Amino acid sequence: MATTSFSYSGTELDALVAAPNYYRFIARTFAPYVGPRAVEVGAGIGTFAEHLLREAAPRELVLVEPADNNFPILREQLRDRPNVRVLHGYLEQVGAEVRDMDSIVAVNVLEHTPDDVAFLRAARATLRPGGSALIFVPAMQRLYGSLDAEFEHHRRYSKATLGRALADAGFRDVRLRHVNSLGILAWFAAGRVFRWRTIKASRVALYDRLVVPWLMALESRIEPPIGQSILAIATA
């Protein structure tokens, strides 16, 4: 097993736990492209993995998590799942143990990497030919503010920059979609106007309960021209 001295100090994982409707929508969107053998990179404490297991039901799910403080929680959270394997380290470190996968999932991970193309190349190396990369990232660099800095984001993306990174890593048939149009205003206010350094789980839960169900239903039918995030599906 690979080792790492990294500990994650951001508070994004708390927000993820408070947004089950939002992350269920992402998992359901990804589900048709999740094959029998899947890997999730940057699995955190396992919250999105639970959605992925329910919505996509892969035969085998490998979870990769580099943070020393997250890994024990992740391992304990999924210890009763016989089809789940948990690896400690960066994808580049554990890559030899993850090969010929049908799909790789990275939700709010790519923006944390210093070299996103190198990460995507490592991701592509885990996939069989024709396998799918399922990526979810924050959008609109102009929204970058105090929350992004606190969450240790290196960047936010446009369709052009994300598409170019995927192409440079060797992916093809790249499909990109904006998500969460109304979240733009909330993120701008929080990170650029009020300069918050964290988001209270109660605020996330309120948005997830009152806004996400009808907004995601609408955006499933009509893609918004802009969004707080971008969802990508690409082929190795």
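The values are calculated or read from the model by the stated rules, or taken from the named source; none is laboratory data. Note that the coordinates shown come from a computational prediction; the quantities given were computed from them, not determined experimentally. Here the Cβ is made from the backbone with ideal geometry for all residues, glycine too, and neighbour counts use every protein chain on show. What goes into the accessible areas is simple: the full protein's heavy atoms, side chains included, and nothing from ligands, DNA or RNA. Shrake-Rupley method; radii C 1.70, N 1.55, O 1.52, S 1.80 Å.
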(Q) Return the residues of the stretch 29-52 that are closer than 17 Å to ASN108 by Cβ and assigned to a helix (DSSP H, G or I); say none if nothing qualifies. (A) THR29, PHE30, THR47, PHE48, ALA49, GLU50, HIS51, LEU52
Q. Using beta carbons and a limit of 8 Å, which pairs, at least six apart or on different chains, have the first residue in the stretch 71-93 and within 21 Å of ASP14 (Cα to Cα) and the second one of a type in the set (S, T, N, Q) and surrounded by fewer than 21 Cβ atoms within 10 Å (Cβ to Cβ)?
A. HIS88/THR3; HIS88/THR4
Q.
If a residue must be open to solvent by 50 Å² or more (accessible area, probe 1.4 Å) and more than 30 Å from LEU185 (Cβ to Cβ), how many such residues does the stretch 126-169 contain?
A. 4
Q | Residues of the stretch 98-121 satisfying the condition of being in a helix (DSSP H, G or I) and either in contact with a Ser or Thr (Cβ under 7 Å, 6 or more places away or on another chain) or of a type outside the set (Asp, Glu) (or both) | A | LEU110, HIS112, VAL117, ALA118, PHE119, LEU120, ARG121
Q) For residues in the stretch 36-55 being modelled with pLDDT of 95 or more and open to solvent by 20 Å² or more (accessible area, probe 1.4 Å), which is nearest to the chain's Cα centre (by Cα)? A) GLY42
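Rundown of residues vs (1) in a helix (DSSP H, G or I); (2) among the acidic types (Asp, Glu), yes/no style:
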| residue | (1), (2) |
| --- | --- |
| ARG54 | yes, no |
| PRO58 | no, no |
| LEU63 | no, no |
| ASP68 | no, yes |
| ARG81 | no, no |
| VAL94 | yes, no |
| ALA123 | yes, no |
